[in-house]
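Read the structure below first, then the notes.
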Amino acid sequence: MNDEKNQKHYLNITLENEEEKNKEEVVISFSGFIRQLKRFFLIWLCIAIVVGILLPVGYAIFASDQHKNLSALVSFNYNGIESGKAPDGSTFYSESIKNPVVIEKALTSLGHDLTELESIRQGISIEGIIPADAQDRITMYKSIYEQGNLNAGERMLEVKIYPTQYRIIFNYSKTSFQGRDAVELFNTILTSYSEYFFETYGFNEALGSAVTSLDYTEYDYSQAIDVFDSTLSTLQEYVNNLSSKDTTRFRSTKTGYTFSDLKESIATIRDVDLDVISSYINVNVVTKDKNTLLSYYNYRIENLNRQKKIAEDELKAVTEAIQNYEKDTIIVYGENQDASQYTQASEAYDNLISKKISAQKSVSTYTQKIDQYQKRVSELNGKTTASEQKMKKVEADLDNLNTKINELLKKVNATANEYYETVYLSNSYNILVPASSSALMTTKSILKAALEPFLILEALLFVIYFGIAFVQALVVTNKTVALPENPVSDNTEILKETEKDKKTDENQTDNTEILKETEKDKKTDENQTEI
């Protein structure tokens, strides 16, 4: 019975050698395995605790630079950003956030030198956040494409993602700034960019400088008229652009003008003042040098004819392209597998339409200018030049016109600046989440980064602990319990030996009884003899 109980505490594992066809049995005691686990438990626990303490500390010491990161979130909100355009219509580059001019202004405002400007700039990285609508469009086209519509796949490739929000990351590990100083610098850079953004896309000093940089007195009177006409055309186009953007009917508190008022003022100067002087010059042939002016007009006519021919060829090519353009086809499948087919113009088609309008406008403009110069040539050839008195009158009129244009230019700039500052660009750039830093945040970042290697190492230690306990239990069990090579035959021999011992014990018992009877008989005989 005891042998049967002992056998239940062991697990017999048979290992077969295929070459020798011999069988070996390895015994593992479950209770012995538990004892070995208990034996090495404290050792494993101490090592696990030490590793759990040393790993984050070591990670903090040797990899702390990787966590010297500050993060901020900014957004852009104006017409065109969803198409990747800047407020002036040019391509928007998010990298302008770390423009050296911006960083220099931030360092200067904080009283720091500029020696670390480049290392600061290299430590700033910009990540665009994909808009949700772009993701939805890609998902929709992908779903249609998976249903077998190849056009949807092409449309999916045409989807261009232009973020309106950006995550700005500043790694200051390669700079001398630490903690709060780094946070202050980073937030100042973000604020400085706000000023840079407004100065780049809001103020209009560049327009004023370009318009007033030419001295009309250096030209002949007719040429001066062309200079003023070009200035007023530029100014009128600029105001028209602002007026189309303005949905609030903005009125400046500084000038009292709306953009509609400015448009009327420009049209008045151009249609009244400029035309009056121009007609007086042409009718009276007021010129400083008739022959030079004729040569100039002939050259302008020739040049304008070339430009007109180019514009006409471009208009013809664009018109043919529009006529031959195949619009994209989109097939939408319903619940009952019913397909509806739609045609949709793409961005390329819209660009062709824009080019056609621009080419038509250019052809019309060149035609008008050519007619104008041809009339001037005819008037110069048919009349004599004007007197000096008329020349002085024209000079006075031109000076008066120049004053009016400059005053109008100041009003346009002041009105546009106020509009950009208070309306159009007031919310165009926003710092949604400024940078912040604390010891707790840094500690959390390090612990989060060290979590994965910590779990891997602790799991490895547990496997080693488990394996050592198993092997040790295996060794100890096989030393204390020796199983026979042939359990069946050996058990038979054991039973035989047991039966033999049993018989021997019985014989010994019988012999003992016989000895007792002999002793008894002997004592009886002795008693009888005495008697």
Checklist entry - Got at least one residue in segment 21-41 being at pLDDT below 85 and either touching a Lys or Arg at 6+ places or on another chain (Cβ under 9 Å) or under 30 Å from Ile431 (Cα atoms) (or both)? => result yes
Checklist entry - Of all residues in segment 219-260, which are in contact with a helix residue (DSSP H, G or I) (Cβ under 8 Å, 6 or more places away or on another chain), within 19 Å of Tyr78 (Cβ to Cβ) and hydroxyl-bearing (Ser, Thr, Tyr)? => result Tyr238, Ser243, Thr248
Next on the checklist: Condition first: modelled with pLDDT of 85 or more, in contact with a Leu (Cβ under 8 Å, 6 or more places away or on another chain) and of a type in the set (S, T, N, Q). Can you find one or more residues in segment 366-383 that meet it?
Outcome noted: no
Item to check | Lone unmet requirement of (1) modelled with pLDDT of 80 or more; (2) surrounded by 14 or more Cβ atoms within 10 Å (Cβ to Cβ) for Val332 | outcome: (1)
Item to check | Yes/no for Lys245 being within 50 Å of the chain's Cα centre (by Cα), in the same structural domain as Ala396 (by TED's automatic domain parsing), in contact (Cβ under 8 Å) with a residue 12 or more places away in the chain and over 16 Å from Leu408 (Cβ atoms) | outcome: yes
Checklist outcome for this item: Being modelled with pLDDT under 90 and touching a Pro at 6+ places or on another chain (Cβ under 7 Å) narrows Leu455, Leu447 down to just Leu447
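Give segment 81-91 a look and list any residue that's within 21 Å of Tyr419 (Cα to Cα) and either surrounded by 16 or more Cβ atoms within 10 Å (Cβ to Cβ) or of a type in the set (Asp, Glu) (or both), or say none.
Ile81, Ala86, Pro87, Asp88
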Checklist entry - Among the residues of segment 299-318, is any at positive phi and surrounded by 14 or more Cβ atoms within 10 Å (Cβ to Cβ)? => result no
Next on the checklist: Please count how many residues of segment 373-404 are over 29 Å from Glu302 (Cβ atoms), among the small types (Gly, Ala, Ser) and either in contact (Cβ under 8 Å) with a residue 60 or more places away in the chain or assigned to a helix (DSSP H, G or I) (or both).
Outcome noted: 1
Next on the checklist: Looking only at segment 104-132, how many residues end up being assigned to a helix (DSSP H, G or I), within 17 Å of Ser176 (Cβ to Cβ) and in contact (Cβ under 8 Å) with a residue 24 or more places away in the chain?
Outcome noted: 6
Next on the checklist: Of all residues being surrounded by 10 or more Cβ atoms within 10 Å (Cβ to Cβ) and within 26 Å of Leu37 (Cα to Cα) in segment 481-499, which is modelled with the lowest pLDDT? Just the residue, please.
Outcome noted: Leu483
Checklist entry - Given the conditions (1) within 42 Å of the chain's Cα centre (by Cα); (2) surrounded by fewer than 18 Cβ atoms within 10 Å (Cβ to Cβ); (3) in a helix (DSSP H, G or I), and given that Val283 satisfies all but one, which numbered condition is not satisfied? => result (1)
Next on the checklist: Going through Thr253, Thr191, Thr212 one at a time, which residue ends up being of a type in the set (Val, Ile, Thr) and either at pLDDT below 90 or surrounded by 18 or more Cβ atoms within 10 Å (Cβ to Cβ) (or both)?
Outcome noted: Thr212
Item to check | Failed condition for Ile277, given (1) exposed (fewer than 13 other Cβ atoms within 10 Å of the Cβ); (2) touching an Asp or Glu at 6+ places or on another chain (Cβ under 6 Å); (3) among the β-branched types (Val, Ile, Thr) | outcome: (1)
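The values are calculated or read from the model by the stated rules, or taken from the named source; none is laboratory data. As the structure is a computational prediction, the values presented were derived from the model and not from experiment. Note: ideal-geometry Cβ built from the backbone for every residue, glycine included; neighbour counts use all protein chains shown.
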